[in-house]
There are 2 protein chains.
Amino acid sequence: MFEKLKNLKTYEAGKPVELVVRKYGIKPEEIIKLASNENPYGPSPKVIQAVKQNTPFMHRYPDDSYYELKEKLSKKHNVKNSNIIIGAGSDQILEFAIHAIKPKKVLTAGITFAMYEIYSKQVGAEILKTPSKEHNLNEFYEIYQKQKPEIIFLCVPNNPLGECLDAKDVFDFLEKIDSETLIIIDGAYQEFAAFKDKNKEIIPSKILDYPNVLYTGTFSKAYALGGMRVGYGIANEYIIKNLYKLRPPFNITTLSLIAAVKALEDEEWVKKGIENNFKQMQKYIDFANENNLKYINSWTNFIVFYIKNSTKIANELLKKGIIIRDMSSYGFDALRITIGKPEENEKLLKILREIN
Amino acid sequence: MFEKLKNLKTYEAGKPVELVVRKYGIKPEEIIKLASNENPYGPSPKVIQAVKQNTPFMHRYPDDSYYELKEKLSKKHNVKNSNIIIGAGSDQILEFAIHAIKPKKVLTAGITFAMYEIYSKQVGAEILKTPSKEHNLNEFYEIYQKQKPEIIFLCVPNNPLGECLDAKDVFDFLEKIDSETLIIIDGAYQEFAAFKDKNKEIIPSKILDYPNVLYTGTFSKAYALGGMRVGYGIANEYIIKNLYKLRPPFNITTLSLIAAVKALEDEEWVKKGIENNFKQMQKYIDFANENNLKYINSWTNFIVFYIKNSTKIANELLKKGIIIRDMSSYGFDALRITIGKPEENEKLLKILREIN
């Protein structure tokens, strides 16, 4: 009955707090989770307040047009409502695009967001990866010319590595790609990149002129709503109209809709979180320099260190209730650490200094 | 780029409260929405309390194993955790199944839940419908023998009509179908049916013996969490393992997970809501009898009346701030009314008596 799935594996997410609690008997409130690039400061108090007030209405389906959210997003990004589609996380927008096109070949960076590959394999696509781990647009172009993939993914900045293409280089690249190839610019961490360096900022309204470019954004990172599953796609109306054909009704929850709308009303909170993120990131950079550890310059809310025995170190930390991401499954020894709150970073760095 | 979607239409959900507010300038608190089979009593106060307490953690992804929820569901239904998959509404379980099998032909009742057709068309399937609007298993079997569909949908009880097959007849039917055809028993309204008549109750653990049967349940109706998008599938491990291959990580929200777990801890609240539902439904039956209107005997939380000029009546009601479902798009004059709270039903019945 399921022959068509026989080469598909099941995706396993990072270790949840609850699992560590069960395994090592550590109290939930003592666990430090710096593994999933969640915003450690949580959502704005105004968001929390609004969601609380709406908990009596959990039996009501959301306004499936997502009118209010699209209104706010369209103002923020200077596009029309009809240029926007809402998803259960930006993941779901990627899923719509891949399931809509059913590509034979998909091109991504050597190491990038895992879901590109997972969704692509669901439709039987072959995954082409650049030889470089980080995004290298020359390599992208070379493979594009030879292999003509139907979808190209650019993760700007890139998860799980942290590096970020210049916006100018991205737009130069778009010019060179034929209009039958969809280019998806995943901007999940764009708020962080744009804050650190304006040269990295992808302005979504600028991609509308292209017949074949889809930008995706999320409320999961800078807006601190990872658990609420809200993201969006921005593109020309033709692309959006087609993605809509695959959208199930009520694809975000009633409370998620309220949370996202309210989050857009407190940009000050978001900005403060991003500022703190880069202040705290400096502590990790200092640690790396002290110890001659190579790290990847990051435009996100996480940082990757190359470090020997990364699996061993990650396991040591896990036993102490600190969850980070070991990169060894990608074929190299490194750790990806989400930048936490000051006290969390201090505790982690103290232990790392002891181990090292 | 999107040639594969060219015959697909975009699904449009029922009129949301917000739309009526915008169109007729009626205050949101004055609107009565009896169109989407939402549980009018809302979730248990214990559910509301737990969700409120967890609003500060909206930045955290849920435990993607959904361990606690599966534990509770497995106890309730007397199955193993490995027999369960969680979805963003039971809709998403249907989506997994259809996308996994990619059927050429799908068989459903003449009039039934719209998503069967929508998801099936996404994978290019032909939709076969029985001549009868309501479920008629003889017709199902006849078409099955001639056409060999890869998926058969039984909606027990049936939305949007309300009728319900006897469990015995369903199990007799399962015996006659070859093991390569997946039969999906959609139990979205099973809690209502089982309360009204034990002969209608499908016990999910009994379907595990079949290699080709998937049961789906939801928290959207009796459990009053429609807006939170939580449903589940129950089947043998082989089916569940395969559906898991199409499940995106974090497919329900952090707050939805908590709401569903807590809802299972207050079955008393659920039972009270169902009792009230059938008490209130009697008022609609009385109205129908008074007026010699034909109605469909219902095992759900809604009732369908055959009534002339149903579109006109629905529009009249809409202008007065009452939203119900006009069935004329299905090709016959009828109204589907969700059973509301006493005061809502009274107001609606008063207006219907005036119109009639």
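Note down the net charge around A:TYR306, summing +1 for each Lys or Arg and -1 for each Asp or Glu among other residues with Cβ under 14 Å from its Cβ. Computed value for this residue: +1. Shielding of peptide A:1-9 by partners, expressed as the average count of other chain Cβ atoms within 10 Å per residue Cβ, is 6. Computed 3J(HN,Hα) for segment A:106-112, one whole-Hz value per residue from the Karplus formula 6.51 cos²θ - 1.76 cosθ + 1.60 where θ = phi - 60°, is 10, 10, 9, 5, x, 10, 7, glycine and proline marked x. Could you pull out the pairs from A:LYS6/B:LYS80; A:LYS6/A:LYS241; B:LYS129/B:LYS279; A:LYS121/B:LYS6; A:LYS33/B:LYS75 whose alpha carbons sit more than 26 Å apart here? Table pairs above 26 Å Cα-Cα are A:LYS6/A:LYS241; B:LYS129/B:LYS279; A:LYS33/B:LYS75. In terms of overall dimensions, the C-alpha atoms belonging to segment B:45-266 reach 56, 36, 29 Å along their principal axes, ordered largest to smallest. Taking the DSSP beta bridges with both ends in chain B, the antiparallel portion is around 50 percent. Over all other residues within a Cβ to Cβ distance under 12 Å of A:ILE177, the charged ones net out to -3, with Lys and Arg as +1 and Asp and Glu as -1. Measuring between their Cα centroids, segment A:46-100 and segment A:155-190 lie 23 Å from each other.
Among the residues of A:85-98, the average count of other protein chain beta-carbon atoms within 10 Å of the residue beta-carbon is 2.
Of all stretches in chain B that contain no GluC sites (Glu not before Pro) in a DSSP loop with at most 14 other Cβ atoms within 10 Å, the longest one is B:13-179. For peptide B:251-258, the mean count of partner chain Cβ atoms within 10 Å of a residue's Cβ comes to 6.
Please report, in cubic angstrom per residue, the volume enclosed by the convex hull of the alpha-carbon atoms of segment A:204-313.
On the way: hull volume 19.1 nm³, N = 110.
In segment A:204-313, the Cα hull volume divided by residue count equals 173 Å³.
The residues neighbouring A:TYR41, those whose beta-carbon lies less than 9 Å from its own, together hold a net charge of +2 under the Lys/Arg +1, Asp/Glu -1 convention. R0 = 30 Å: FRET efficiency of A:TYR306 with A:PHE278, Cβ-based, nearest 0.05? Efficiency for this residue pair is about 0.90.
The Kirkwood hydrodynamic radius of segment B:5-127, based on inverse pair distances between different Cα atoms, is 18.6 Å.
Taking the inverse of the mean reciprocal distance over all distinct Cα pairs, the Kirkwood hydrodynamic radius of the protein assembly as shown comes to 26.7 Å. Which log10 I(q)/I(0) values, to two decimals, does segment B:24-76 give at q = 0.17, 0.18 Å⁻¹ under the Debye formula with one point per Cα? Result of the Debye calculation: -0.89, -0.94. Across segment B:103-215 the C-alpha pair distances fall into 10 Å bins from zero in the proportions 14, 50, 32, 3 percent.
Any read-out appearing in this document is the output of simple, stated calculations on the displayed coordinates, not a laboratory observation. Source: prediction; values computed, not measured. No Cβ is skipped: glycine too gets one built from the backbone with ideal geometry, and neighbour counts run over all protein chains shown.
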